[in-house]
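Since the structure comes first, as structure tokens, the remarks are kept for the end.
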Amino acid sequence: MNRKLRMHKTNYYLLPVFIVLFFACQTEYLPKPKGYNRFDMPKHEYVSLPDTFPYKFEYSKHAKLLNDTSWISERFWIELYYPQYKANIHLTYKVVNNSDSLKEYLDDAYFLTAKHQIKAYAIDESITKTPSGKTVVYAELEGEVPSQFQFFSTDSTLNFLRGALYFNTQVNNDSLKPAIEFVKVDIVNMMNTLEWRFKETNTL
């Protein structure tokens with residue numbers, strides 16, 4: 001008789017444990033949301049482009065000046081690479097020979113921007129004048145697009161320079177926004193300090 005009582009008492013004490021285990025097994029656990037990269041923004045500091053190019057400007061000291069190694073690259077095409085953000089500004093330069101070539105370069109620039117319309121939910125274009133009087137066209141693309149900022153400038157007679165910002169990362173553009181804004185400031189400074197070295201009186 002005493003043995004049976006002891007068994008009943010043991011089962012009584014184990015009952016709450018079984019209840020807790022039962023409800024714990026029914027709980028649905030959701031994965032934690034993916035964390036985003038944190039960007040520590042340094043101070044904007046600039047250096048001058050070497051004088052071996054037909055154009056010159058100030059670019060960020062946090063970027064590496066690289067040659068464009070793509071199979072379609074031409075002389076004076078360069079890359080400005082930001083290792084901290086895996087960001088790249090791709091710059092292409094063309095000599096304007098006549099009005100037909102200028103139209104071709106302009107059409108290409110607008111076409112390359114328009115290609116992103118499939119993924120972009122907005123493309124904001126603006127035209128500004130630099131302190132030295134040069135005209136620059138900026139296109140800011142919003143959405144999950146591979147290029148978030150594009151721009152070009154030309155003197156309409158000899159020089160045409162186009163640039164596009166890319167990030168080599170799978171992180172979405174919302175989380176990249178601080179880095180995008182940081183590089184945009186550098187791009188505006190580049191265009192504000194842009195000068196043409198290729199003029200009618202000299203060639204390279």
- Out of the residues in segment 117-155 that are among the β-branched types (Val, Ile, Thr) and not in a strand (DSSP E or B), which is surrounded by the fewest Cβ atoms within 10 Å (Cβ to Cβ)? Ile118
- Query: Quick one: which of Arg197, Arg162 is basic (Lys, Arg), under 18 Å from Glu58 (Cα atoms) and in contact with a helix residue (DSSP H, G or I) (Cβ under 7 Å, 6 or more places away or on another chain)?
  - Reply: Arg162
- Whichever residue in segment 41-72 is of a type in the set (Ser, Thr, Tyr), part of a strand (DSSP E or B) and open to solvent by 60 Å² or more (accessible area, probe 1.4 Å) and, among such residues, is nearest to Asp186 (Cα to Cα): Tyr46
- Item | Residues (modelled with pLDDT of 85 or more and either surrounded by 17 or more Cβ atoms within 10 Å (Cβ to Cβ) or not in a loop (DSSP other than H, G, I, E, B) (or both)) located in segment 159-174 | Asn159, Phe160, Leu161, Arg162, Gly163, Ala164, Leu165, Tyr166, Phe167
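The values are calculated or read from the model by the stated rules, or taken from the named source; none is laboratory data. It should be emphasised that the depicted structure is a prediction, and the values quoted were computed from it without experimental measurement. No Cβ is skipped: glycine too gets one built from the backbone with ideal geometry, and neighbour counts run over all protein chains shown. To get the accessible areas, we keep the full protein, side chains included, count just its heavy atoms, and leave off ligands, DNA and RNA. Shrake-Rupley method; radii C 1.70, N 1.55, O 1.52, S 1.80 Å.
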